[in-house]
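**Student:** Structure below; questions to follow.
The values are calculated or read from the model by the stated rules, or taken from the named source; none is laboratory data. Nothing here was measured: the structure is a model prediction, and the numbers come from that model. Note that each Cβ is placed from the backbone with ideal geometry, even for glycine, and that neighbours are counted across all protein chains shown.
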Amino acid sequence: MDTLQVINTQKSEFETLLDRDDIILQIAENKDEEEIAIKSQVDRNIIHFYFCLDGSGIFAFGPHYSRVLEKQHNSFFYNPDMDLPFQLRLAPQTRIVAFSIKLESLHKLFTHDALPFLKPENAKTKLYDEREIPTNLLVVLNQIFTVNLSESAQKLYYLGKVLEILGLYFSEKKPDTEACPFLKDQETVRKIKHAKEYMLKHMDNPPGLKELAKTAGLNEYQLKVGFKEIYGNTVFGYLLDHKLDHARVLLDTSKFQVNEVAYQIGYANPSHFIAAFKKKFGVTPKKYLMNIDRKV
């Protein structure tokens, strides 16, 4: 499997963190004030993931075909027919995590519940997926940039991170339309997803359940039951988890104090934020921040 090759860069950093026969994990960071280009390719029968934490990138497959990789979005590539060379052009202040895994290695991880594209009838199908990176996955990706490890522990840690990323990436819950019949209506599903997006957009001052349901064009029962079926959590339980995961992302930057993070995610009382953070992560935000500072 080929690794990425950086060209036209001086202040930028590029590093291969894990290089096995079946898995490669890399990070790319453009610290320059100008765009940089990375030569790479989508290897035949290899699954490729690109996660953009900051900035943006462009996959240039040729003079007439390209795809944009936006901030906090990821791209997934699989081509069973041929290798596809491209340039990944990174805008200034862009950070990307990239990893690839052989098809057969990924297949072994899902032997009891095969992913659709891993089934024999789909093995020869080209696949491309682009989606927003959920906050819990952003936390894991940011840790790859901030962790400070001994050389002896690196291989094990980064292999664990790849498996964690795969688990979160493929963990999207499928709605049980038998238990919740109205979810067979795709318009209802769309409205529930809109409610989630609207709530997260206004997480510093979220609407009440009644207002949220009205905004989405649903009744409260549809929103409560459908939301739990799709996302595996209550509406405001999901919001709390998102807030606290987002708080970890903010703390990982080492740019904010605990009180500032509390206010940014909508807590009027920082002590309530501290209690919720400790309940979820088992450590206070202050201690978490101290651990990050020691690694820098």
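**Student:** Could you list, in sequence order, all residues of region 69-96 that are within 20 Å of the chain's Cα centre (by Cα) and among the aliphatic types (A, V, I, L, M)?
**Tutor:** Within region 69-96, Leu69, Leu88, Leu90, Ala91, Ile96 meet the criteria.
**Student:** Kindly provide the set of residues from region 153-183 that are among the small types (Gly, Ala, Ser) and modelled with pLDDT under 85, ordered by number. Walk me through how you get there before you give the answer.
**Tutor:** We begin by selecting, within region 153-183, every residue among the small types (Gly, Ala, Ser); these are 153, 160, 167, 171, 179.
Hits for region 153-183 are Ser171, Ala179.
**Student:** Could you tell me whether any residue of region 192-210 is modelled with pLDDT under 85 and outside the structural domain of Lys286 (by TED's automatic domain parsing)?
**Tutor:** yes
**Student:** Name the strands (runs of 3 or more DSSP E) wholly within region 40-112 that hold at least 1 residues that are of a type in the set (Ser, Thr, Tyr) and surrounded by 16 or more Cβ atoms within 10 Å (Cβ to Cβ)?
**Tutor:** Details: elements: 46-54, 57-62, 65-69, 73-78, 84-90, 94-102.
Fully inside region 40-112 and qualifying: 46-54, 73-78, 94-102.
**Student:** Please go through (1) within 22 Å of the chain's Cα centre (by Cα); (2) under 21 Å from Thr284 (Cβ atoms) for Glu260 and return the number of the only condition it doesn't satisfy.
**Tutor:** It fails just one condition, (1).
**Student:** Give me the residue from region 254-267 that is on the phi < 0 side of the Ramachandran plot and touching a Ser or Thr at 6+ places or on another chain (Cβ under 9 Å) and, out of that set, surrounded by the fewest Cβ atoms within 10 Å (Cβ to Cβ). Show your work before the answer.
**Tutor:** First pass over region 254-267, keeping only residues on the phi < 0 side of the Ramachandran plot: 255-265, 267.
After this cut, where a residue has to be touching a Ser or Thr at 6+ places or on another chain (Cβ under 9 Å) as well, the list is 258, 262.
Working: Val258: 18, Ala262: 24.
Only one residue fits best here, namely Val258.
**Student:** Starting from residues that are modelled with pLDDT of 90 or more and not in a helix (DSSP H, G or I), keep the ones in region 268-296 and report whichever is surrounded by the fewest Cβ atoms within 10 Å (Cβ to Cβ).
**Tutor:** Asn269
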